[in-house]
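Input: a single structure, listed below in structure tokens.
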Amino acid sequence: MDVMPMNETGERVERRRTLVELIKETYPEKTGSLFFVSAFEQERHQFYQDSTFEYFFGLQESALLIYQEIDGKTVLFEPNYSVDRSVWLPVNFDESDLSELAIDAVEKLGQTIKGYSTGPFFTPEQLENFIKKIQDQLDAGHFIFTALTDIFPECAWVVNQLCVFIPGLKEQLIDIAPLIAELRRTKSQKELEYLYHASEITVMAQQAAAGIIRKDNLEADVQAAIEYVFTESGATRAFASVVGAGKNSTTLHYVDNKGPLPEKGLVVVDIGASFNHYCSDVTRTYPVSGIFSERQRKVYQDVLDTQEYIAGIAKPGMFMRNKNEPDKCLNTLSKKFLAQRGYNVEKEFPHGIGHYVGLDVHDVGSYETPIQAGDIITIEPGLYLKDEEIGIRIEDIYWVIKDGIVCLSEGVPKKPEEVQKYMKESRFEDESDSYRAGPNEH
Ligand code: GLY
Ligand code: MN
């Protein structure tokens, strides 16, 4: 099992300490233990750790359960595989790494699981040692603190399954997802470095997109160029890449990426790299011909003006989305701004102005409280005029500081004339076009 370098390991241990303090403050009358669930392998996807498990442990391993007494020991439970898992997968289980993570012991979950991999569908027998541990806690009148929400679906499945297997557990479970969300929301220096690096990679991928958009290419060529940059940079995609051209630009999360690039159309490129699990999210809209038409340019400028207006007023104390505070709510203010320019915002700007970003692209964090220093947010106004096949979104990622925000993705130009110049300067010429070998040739 790979663990992070020492300084990050220390940061993870510290996070768990802070979480325990928060639990004690929030539930002073309640004693008990915590448990954490790691993600599972899925045949169609590369393994990707659950974000909360990643935050507290950083172990790149599936199907683990961790049991932590509030003021006592932490035990890692692993499936009892019938074969040596390391024959199949690059797992490297080193117990000395685990002690640095303040994990005191390793035990098997229960009876043998056939093979080297597992889904979340354990039987009570395969979990029997873990079940016994929890049962003992319940018998002693203790509570179990765990994240019931804001975890990957398969982790939630395991929690629900445990409730079926252990009578009385459901009544004694306390959801600490809101406490974890508050911790995850404020980013440390190290997290900020990863977020910035994910944004740098995303900026490079936008440049690759800008350089390959032209009428004889396909949306798929653009996606391939983007994801080549992600892969080559040691990143993965934080979400399915959106490359929507022509009428597809008006579908907010168009991810088919199978269409042509119509000469007179626009292309919405909404992409984000995930580097070391930290995500980015940057959208640009390009004219296929390299030049915006007069009408496209007018709508584009309205979207850009909205983004600049919101970025200019975003600071601690303002809310991302809180209808009860309309004068301080960036979402409400952005809608008002575009309504004043004559748009039917309900229909033509049907999404929010932004969201938190972190270990998940739509990260955890309450929208009831105002933004605060240490938050990472996006600002992403858009206009979608279906009848005209004009879809435009401009999105950047920002770090909230004490008196404003700092853009982490400013490397991609966004003024219309700068976008046009950028496309020209970034253009891949066919003879040196490294992205168009093999199956992409058409
Ligand atoms: N970039 C995708 C989204 O924010 O929904
Ligand atoms: Mn976004």
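Just a few scattered comments:
- Among the conditions (1) farther than 20 Å from R184 by Cβ; (2) away from ligand 1 (no atom under 14 Å from the Cβ); (3) surrounded by fewer than 17 Cβ atoms within 10 Å (Cβ to Cβ), G374 misses just one, which is (1).
- Qualifying residue in the range 379-392 (condition: of a type in the set (D, E, K, R) and touching a Phe, Trp or Tyr at 6+ places or on another chain (Cβ under 9 Å)): no
- Within the range 12-29, none of the residues are of a type in the set (F, W, Y), touching a Leu at 6+ places or on another chain (Cβ under 7 Å) and modelled with pLDDT of 95 or more.
- Exactly one residue out of Q46, Q68, Q60 is touching an Asp or Glu at 6+ places or on another chain (Cβ under 8 Å) and polar (S, T, N, Q), and it is Q60.
- Scan of the range 347-376 for residues that are touching a His at 6+ places or on another chain (Cβ under 7 Å) and within 19 Å of Y309 (Cβ to Cβ), ordered by number: H355
- The residue that is nearest to F36 (Cα to Cα), counting only those in the range 143-183 that are among the aliphatic types (A, V, I, L, M) and assigned to a loop (DSSP other than H, G, I, E, B), is A147.
- Looking at S117, S199, just one residue is small (G, A, S) and assigned to a helix (DSSP H, G or I), and that residue is S199.
- Residue match in the range 347-360 (condition: more than 16 Å from ligand 2 (Cβ to nearest atom), of a type in the set (D, E) and modelled with pLDDT of 95 or more): yes
- Some residue of the range 400-410 being within 26 Å of V299 (Cβ to Cβ), open to solvent by less than 10 Å² (accessible area, probe 1.4 Å) and within 16 Å of ligand 2 (Cβ to nearest atom): yes
- Matching option when the condition is more than 16 Å from ligand 1 (Cβ to nearest atom) and aliphatic (A, V, I, L, M), among V229, V243, V203: V229
- Taking (1) closer than 27 Å to Y55 by Cβ; (2) of a type in the set (V, I, T); (3) touching a residue at least 24 places away in the same chain (Cβ under 8 Å); (4) away from ligand 1 (no atom under 16 Å from the Cβ) in turn, I212 satisfies each apart from (1).
- Residues that are within 16 Å of ligand 1 (Cβ to nearest atom) and either open to solvent by 10 Å² or more (accessible area, probe 1.4 Å) or of a type in the set (D, E) (or both), drawn from the range 258-270: D270
- Scanning the range 271-282 for residues that are crowded, with 24+ Cβ neighbours inside 10 Å and within 14 Å of ligand 2 (Cβ to nearest atom) turns up I271, G272, A273, C279, S280, D281, V282.
- Within the range 285-301, being of a type in the set (F, W, Y) and open to solvent by 10 Å² or more (accessible area, probe 1.4 Å) holds for one residue alone: F292.
- Identification of strands (runs of 3 or more DSSP E) wholly contained in the range 226-318 with 2 or more residues that are over 24 Å from K421 (Cβ atoms) and touching a residue at least 24 places away in the same chain (Cβ under 8 Å) yields 273-275.
- Any hit, the range 350-357, residues being away from ligand 1 (no atom under 16 Å from the Cβ) and open to solvent by 20 Å² or more (accessible area, probe 1.4 Å): no
- Any hit, the range 70-79, residues being of a type in the set (V, I, T), under 22 Å from the mean Cα position of the chain (by Cα) and at pLDDT 95 or above: no
- Candidate set: the range 395-409, residues that are out of contact with any Lys or Arg (no Cβ under 7 Å at 6 or more places or on another chain) and not in a strand (DSSP E or B); chosen: the one farthest from ligand 1 (Cβ to nearest atom): K402
- Filter pass, E125 being without any contact (Cβ under 8 Å) to a residue 24 or more places away in the chain, over 21 Å from T74 (Cβ atoms) and either of a type in the set (A, V, I, L, M) or exposed (fewer than 15 other Cβ atoms within 10 Å of the Cβ) (or both): yes
- Scanning the range 327-344 for residues that are under 24 Å from I271 (Cα atoms) and open to solvent by 30 Å² or more (accessible area, probe 1.4 Å) yields N331, K335.
- Total residues in the range 195-246, condition among the aromatic types (F, W, Y) and open to solvent by less than 30 Å² (accessible area, probe 1.4 Å): 1
- Against the numbered list (1) out of contact with any Ser or Thr (no Cβ under 6 Å at 6 or more places or on another chain); (2) surrounded by 15 or more Cβ atoms within 10 Å (Cβ to Cβ), I310 comes up short only at (1).
- Annotation: of all residues in the range 358-370 being surrounded by 14 or more Cβ atoms within 10 Å (Cβ to Cβ) and out of contact with any helix residue (DSSP H, G or I) (no Cβ under 8 Å at 6 or more places or on another chain), the one that is farthest from V268 (Cα to Cα) is Y367.
The values are calculated or read from the model by the stated rules, or taken from the named source; none is laboratory data. None of the values given here were measured: they were computed from a predicted structure. Note that each Cβ is placed from the backbone with ideal geometry, even for glycine, and that neighbours are counted across all protein chains shown. Each accessible area value is taken on the protein alone, full model and side chains, heavy atoms only, with ligands, DNA and RNA left out. Shrake-Rupley method; radii C 1.70, N 1.55, O 1.52, S 1.80 Å.
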